[in-house]
1. Of all DSSP beta bridges in the chain, what percent run antiparallel (nearest 5)?
2. For a label point 7 Å from the Cα of residue 59 along Cα→C-beta, name the residues of segment 31-46 whose backbone N is under 14 Å from it.
3. Rounded to the nearest 10 degrees, what's the angle between the helix 163-174 long axis and the longest principal axis of the chain, both from Cα atoms, 0 to 90?
4. Rounded to the nearest 5, what % of the DSSP beta bridges within segment 131-309 are antiparallel ones?
5. For segment 81-168, what is one quarter of the convex hull surface built on the Cα atoms, given in nm²?
6. I need to check one value: relative contact order of the chain, counting alpha carbon pairs closer than 8 Å and at least 6 residues apart, in percent.
7. If R₀ is 22 angstrom, what is the calculated FRET efficiency for the pair residue 102 and residue 66, using the beta carbon separation as r and rounding to 0.05?
8. In whole Å, what are the extents of segment 131-309 along the principal axes defined by its C-alpha atoms, from largest to smallest?
Ligand code: A2P
């Protein structure tokens, strides 16, 4: 089996560290692994499969060596500067930031939804926003069968979505210390404010969910979103209100959802069973429950969708894209 040279950019961050875990768990075939971060981390030793690897400072020459795939998670500015450099040297970049997601010609991939598009890249593939990834997994089959007209997302997002800095704000806040990362305390609070505010009043996170849903489903659906940071360490929860053009049977919708790869239906209200953040931590699947009719419109359903934002929302989805490329590699440069 062919082995690949892999670089992780942002290797010392929360997502970067989880990359190491998931690549090992999934036994990704690696020849050489390069770990890159800022000058602050250069020289640090990180172990992968009991092998010590020295973290390198990311710079213009980082991709001069033979690298097949670079998994980027070091923020938008780093991606904007270094992804094109990597791509120009023949490296295929899978980027976790929002820098390239809406750029035409850059595939935005969720392997359960639009795997075929991963191969139409020009060196950069984008990994979608964490809340968007878990939301579109149940949407594809519902759109195919009942044609989606409109979606209303309301999210309850974990602090790990802001990396180590978010976790620190919650942990310190619980001890009564003031926040450093968020504009207000997150302990005992809900912040309807994720990423920056835009001119239309949406936050950038909300706009990402709106725009990325349409790009991934390749359809001009009406979408609106309210994204909220909640004092939960791991896993995002999303309430989804969906309106269809066609009529549906709610039991059949439950069966449709159960047939989707990577999606687990947890829906037994008699036993108080529904997806919860604490249960999905560390898992790679997306969990859906509270499947019920919205009686206020003609053809509406409500869903409650939960997933580990660092695993399926970032790392696992990226590694699945890499696995797609490897499976389709015909001996060329992925
Ligand atoms: P470093 O640890 O050296 O700062 P998180 O947001 O989870 O804390 O992770 C951010 C990741 O992105 C870290 O690995 C961080 O490295 C890396 N990073 C941030 N800025 C840069 C930069 N300008 N160049 C390279 N890596 C960066």
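Here, each number is a calculation from the coordinates, and none is a lab measurement. What you see is a predicted model, and the numbers here were worked out from it, not measured in a lab. As a convention, Cβ positions derive from the backbone with ideal geometry for all residues, glycine included, and neighbour counts pool all protein chains shown.
1. On the way: 29 of 59 bridges.
For the chain, the DSSP antiparallel bridge percentage is about 50.
2. In segment 31-46, the label zone of residue 59 (backbone N under 14 Å from the point 7 Å along Cα→Cβ) covers 37-43.
3. 60 degrees
4. Values: 25 of 36 bridges.
If I count the DSSP bridges inside segment 131-309, around 70 percent turn out antiparallel.
5. Values: hull surface 29.8 nm².
Over every viewing direction, the Cα hull of segment 81-168 projects on average to 7.4 nm².
6. On the way: 732 pairs, mean separation 57.4, N = 334.
Answer for the chain is 17 percent.
7. Numbers: r = 31 Å, r/R0 = 1.41.
Rounded to the nearest 0.05, the efficiency is 0.10.
8. Projected onto its principal axes, the Cα set of segment 131-309 covers 52, 42, 28 Å.
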